[in-house]
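S.K.: Once you've had a glance at the structure underneath, I'll fire off some questions.
Each value in this text was obtained by applying a stated rule to the coordinates, not by laboratory testing. Computed from a predicted structure; not experimentally measured. When we count neighbours, we look across all protein chains shown, and the Cβ atoms used for this are built from the backbone with ideal geometry, even at glycine.
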Amino acid sequence: MTLSTTIVGYLLLFGGVGMGFVLFNIVLGMFLRPNNPSEEKQEIYECGEPTIGSSFVQFDLRFYVVALLFIIFDVEVAFFFPWAVVFGKSAQLSDPSAPVVNESVENGVTLAPAVIGLHREFGLPESLNDEVAAGTVSTNTVRDGARSLLWTCLADIGVFFAVLLMGFAYVWKRGDLDWVRAITEATRAGPESAVRSTTARRQQAAQSR
């Protein structure tokens, strides 16, 4: 069985067990939980408090904008996990103090178990282990390849951070991180401009009434 087939099998097993667990609890809850609907239970509530007034209220758009920006920059953290795994394993494989092969009288030259595990996790062919053990591929070649992957990981995370900081600087420059954007822009222009802007908004509000 190849490595890719094993991974697919594990994923299918994980998904099947997860879906089965969810469906089992849903069906079990249908038989065990009490079903006593009432008028009070079906009322709309907000944080346990009874609603007051109409639910059709115009919320400030800043809540949505700030939440959207938070999600955009927060989701980027998920990309650190696969990068950290590859970076850590590359550093472990390129460590000159870590043995690549083990030599013994009984078994001869064999690949170290840790190196075999790292090769398997990287998806390298099994024939590479035999070539390293036979001396066809030197241990320095293995370490050089891992070191190249290590520098590639550093370059990737550098580009990732550069793009992320450019996006952060862009939204900061636009004033999207300011809670009250109009007043903030007027304040930057000067106190007199802020007063004129506030007065103009009050006049527009009075005229609209």
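S.K.: With the crude spin-label approximation of a point 7 Å out along Cα→Cβ, what separation in nm comes out for V159 versus N25?
M.R.: Taking the simple label geometry, V159 and N25 are separated by 4.1 nm.
S.K.: Please give, to one decimal in nm, the separation of the simple spin-label points placed at T5 and E131, each 7 Å out from Cα toward the Cβ.
M.R.: Rounded to a tenth, the inter-label distance reads 2.3 nm.
S.K.: When you count, for each residue, the other Cβ atoms within 10 Å and take the mean per peptide, how do 72-84, 143-155 rank with the highest first? Write out the running numbers ahead of the final one.
M.R.: Details: 72-84: 10.9, 143-155: 15.1.
Listed from highest to lowest mean packing, they are 143-155, 72-84.
S.K.: Quick one: length gained pulling E43 to W151 fully straight, 0.36 nm per residue minus the C-alpha distance?
M.R.: Difference between extended and current length: 33.0 nm.
S.K.: Between D60 and W179, what length in nm is gained on full extension when 0.36 nm per residue of separation is reduced by their alpha carbon distance?
M.R.: Between D60 and W179, full extension yields 41.8 nm more.
S.K.: Next up: Residue separation times 0.36 nm, minus the C-alpha to C-alpha distance between A169 and V77: what's the value?
M.R.: Contour length minus Cα-Cα distance gives 31.3 nm.
S.K.: So for the pair S97, F70, with labels modelled 7 Å out along Cα→Cβ, what separation do we get in nm?
M.R.: A separation of 4.4 nm, rounded to one decimal place.
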